[in-house]
Amino acid sequence: MERHDLLHEFPEYQGKIHLMKVEDDHFRELFDEYDELEHEVHRINTGVDVVTDEYTHVLKARMLFIKDEIFSMLNKQ
């Protein structure tokens, strides 16, 4: 199952992501939350964890919201 971590989602911003994780507390919090959610969704998608479809939908919606916010932050600087 394909992973959707931010460094693979935004390969053109790898350097900027690293820099912002070090310099921007809010960005780092968003990055860490996205990373945790992506890990949980991956476990669900691979059958390691079993949850309801509704719960999975909530996780994916939160991931998308965070991903959009991170993308916006990356484009501002």
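Within the accessible surface of the chain, defined with a 1.4 Å probe on protein heavy atoms only, the carbon and sulfur portion equals 53 percent. Peptides 65-71, 12-18 ranked from most to least packed give 65-71, 12-18, packing being the mean of other C-beta atoms within 10 angstrom over each peptide's residues. Only the Cβ atoms of Lys and Arg (+1) and of Asp and Glu (-1) were treated as charged; on that basis the dipole of the chain about its Cα centre amounts to roughly 200 debye. Over the residues of the chain, the helix contribution to mean residue ellipticity at 222 nm works out to -25000 deg cm²/dmol, using -39500 (n - 2.57) for each DSSP H run of at least 4. Once the 1.4 Å probe is applied to the protein heavy atoms, the chain comes out at 68 Å² accessible per residue. Using equal-weight Cα scatterers in the Debye expression, the normalised intensity of the range 29-77 in log10 at q = 0.14, 0.20, 0.27, 0.33 Å⁻¹ is -0.37, -0.66, -0.97, -1.20. Principal-axis analysis of the Cα atoms of the chain puts helix 14-23 at an angle of about 80° to the longest axis.
With R₀ fixed at 22 Å, the C-beta to C-beta distance from residue 56 to residue 35 puts the FRET efficiency at about 0.80.
The values are calculated or read from the model by the stated rules, or taken from the named source; none is laboratory data. Predicted, not measured: the structure shown is a model, and the values here were computed from it. Cβ sites come from the backbone with ideal geometry, for glycine too, and all protein chains shown count toward neighbours. Quick note on the areas: whole protein, heavy atoms, side chains included, nothing else; ligands and nucleic acids left out. Shrake-Rupley method; radii C 1.70, N 1.55, O 1.52, S 1.80 Å.
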